[in-house]
Amino acid sequence: MFSSYGAAFLVILLCFGIAGGVVAKIKGDSVISWFLISFCVPFIGLATAIFYRVEKGELRRQCPDCGRVVKLYDAVCMRCGSELEFPDVAIAPESAAQRSPVKR
Ligand SMILES: [Zn+2]
């Protein structure tokens, strides 16, 4: 009984691992490392992979009151709590900003 459950659980873990690898492939990250992360910590790893991707690709804007950079879809500033109008100017997502080389 236990062994069949164990095998089923292993298959589920493998599915999470593959899903994590696919997400990594889309992002252009290391498939092997994300596969291992998703396999070892299936739920957390996959959620992190997806969340990471969404966060990096999201348009941002600056709070007019405190200057904090928040997500474009945020209706209320997370720092000062002021209500935010839909902005005229959006800040490029982090993924786009990272493509421009910054030399120091
Ligand atoms: Zn603010």
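We did not get these values from a lab; they are worked out from the coordinates using the rules stated. Source: prediction; values computed, not measured. Every residue, glycine among them, receives a Cβ derived from its backbone with ideal geometry; neighbour counts consider all protein chains shown.
Relative to the current alpha-carbon distance between PHE51 and ILE32, full extension at 0.36 nm per residue lengthens the span by 5.0 nm. Label positions at ALA8 and GLU85, each projected 7 Å from the Cα along the C-beta direction, are separated by 5.7 nm.
With θ taken as phi - 60° and the Karplus curve 6.51 cos²θ - 1.76 cosθ + 1.60 applied, the whole-hertz 3J(HN,Hα) list for the stretch 69-86 is 7, 10, 5, 4, 7, 5, 8, 10, 5, 6, 8, 9, x, 6, 6, 10, 6, 5 Hz, x standing for glycine and proline. Between VAL76 and CYS15, the simple label model (points 7 Å from Cα in the Cβ direction) yields a spacing of 3.8 nm.
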